[in-house]
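Below is one structure, written out as structure tokens, with a few remarks after it.
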Amino acid sequence: MKITNTTKNIILAHKGVIADSFSSRIKGLLGREALEKSEALVLSNCRQIHMFFMRFAIDVVFLDKDHKVVGLVKNILPFHCSPIFWHAHLAVELPAGAIQSTNTQINDIIKIEA
């Protein structure tokens with residue numbers, strides 16, 4: 001799936017995957033060596049993420065039910081937790097540096113399409 005910041009008219013990822021089952025959400029990016037530049041993982045029903053047992057840093061964009069950005073976490077390192085974003089509904093995990101390189105900001109609108 002393609003993930004686009006429609007406010008900035010820029011693509012965040014060409015190869016997005018949704019994790020919407022219990023097992024896919026628990027697994028997340030565990031076991032991966034990296035997240036490629038054009039990849040993303042979208043976690044449904046997510047207000048906070050953890051990086052326990054991860055091997056690499058990522059950026060995370062938290063979206064509300066209208067896909068408006070309500071939280072940003074840049075370069076979260078392995079074995080750390082993000083803050084809780086109470087209004088979040090989705091978390092989009094991206095390669096570290098993606099938030100800065102796309103200038104994604106709070107209140108931007110993100111489109112997720114198959």
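No value in this document is a laboratory result; all are computed from the given coordinates. Computed from a prediction, not measured in an experiment: that's the story for all the values here. With ideal geometry, Cβ positions are generated from the backbone for all residues, glycine too; neighbour counts draw on all protein chains shown.
So which trypsin sites (Lys or Arg not before Pro) in the range 37-114 end up in coil per DSSP with only 12 or fewer other C-beta atoms within 10 Å? Before the final figure, lay out each step's value.
Working: sites: Lys37, Arg47, Arg55, Lys65, Lys68, Lys74, Lys111; in loops: Lys37, Arg47, Arg55, Lys65.
Here the trypsin sites (Lys or Arg not before Pro) that fit, given the DSSP loop and packing criteria, are Arg55, Lys65.
So what is the calculated 222 nm ellipticity per residue for the chain, using -39500 (n - 2.57) for each DSSP H run with n of 4 or more, over all residues, to the nearest 500 deg cm²/dmol? Let's see the in-between values first.
Working: 2 runs with 11 residues, N = 114.
After summing the helix terms and dividing by residue count, I get -2000 deg cm²/dmol.
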**Asked** Which log10 I(q)/I(0) values, to two decimals, does the range 2-113 give at q = 0.12 Å⁻¹ under the Debye formula with one point per Cα?
**Response** -0.34
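Taking loop as defined by DSSP and a crowding limit of 15 other beta carbons within 10 Å, which chymotrypsin sites (Phe, Trp or Tyr not before Pro) in the range 1-97 fit? Mind showing how you got there, number by number?
On the way: sites: Phe22, Phe52, Phe53, Phe56, Phe62, Phe79, Phe85, Trp86; in loops: Phe52, Phe53, Phe56, Phe79, Phe85, Trp86.
Passing both the DSSP loop test and the Cβ count: Phe52, Phe53, Phe56, Phe79, Trp86.
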**Partner lysines for Lys8 [C-alpha distance under 29 Å; skip if fewer than 8 residues away on the same chain]** = Lys37, Lys65, Lys68, Lys74, Lys111
**Message:** How charged is the neighbourhood of Ala13? Take every other residue with its Cβ under 13 Å from the Cβ of Ala13, and add Lys/Arg as +1 and Asp/Glu as -1.
**Reply:** -1
**Asked** With θ set to phi - 60° and the Karplus curve 6.51 cos²θ - 1.76 cosθ + 1.60, what are the ³J(HN,Hα) couplings of the range 12-23 in order, to the nearest whole Hz, using x for Gly and Pro?
**Response** 8, 7, 8, 10, x, 10, 9, 10, 10, 9, 4, 5
**Item:** Summed side-chain charge close to Lys2 - residues other than Lys2 whose Cβ falls under 9 Å, Lys, Arg +1, Asp, Glu -1
**Value:** +1
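Taking the Cβ of His87 as the centre, find all other residues whose Cβ is under 13 Å away and add up their charges (Lys, Arg: +1; Asp, Glu: -1). Write out the running numbers ahead of the final one.
Values: positive: Arg47, Lys65, Lys68; negative: Asp64, Asp66.
Charge balance in the 13 Å sphere: +1.
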**Prompt:** Given DSSP loops and a limit of at most 13 other Cβ atoms within 10 Å, what is the longest stretch of the chain that contains no such GluC sites (Glu not before Pro)?
**Reply:** 37-114
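Please state the relative contact order of the chain as a whole percent: Cα pairs under 8 Å, 6+ residues apart? Could you put the intermediate results ahead of the total?
Details: 283 pairs, mean separation 36.8, N = 114.
Computed value for the chain: 32 percent relative contact order.
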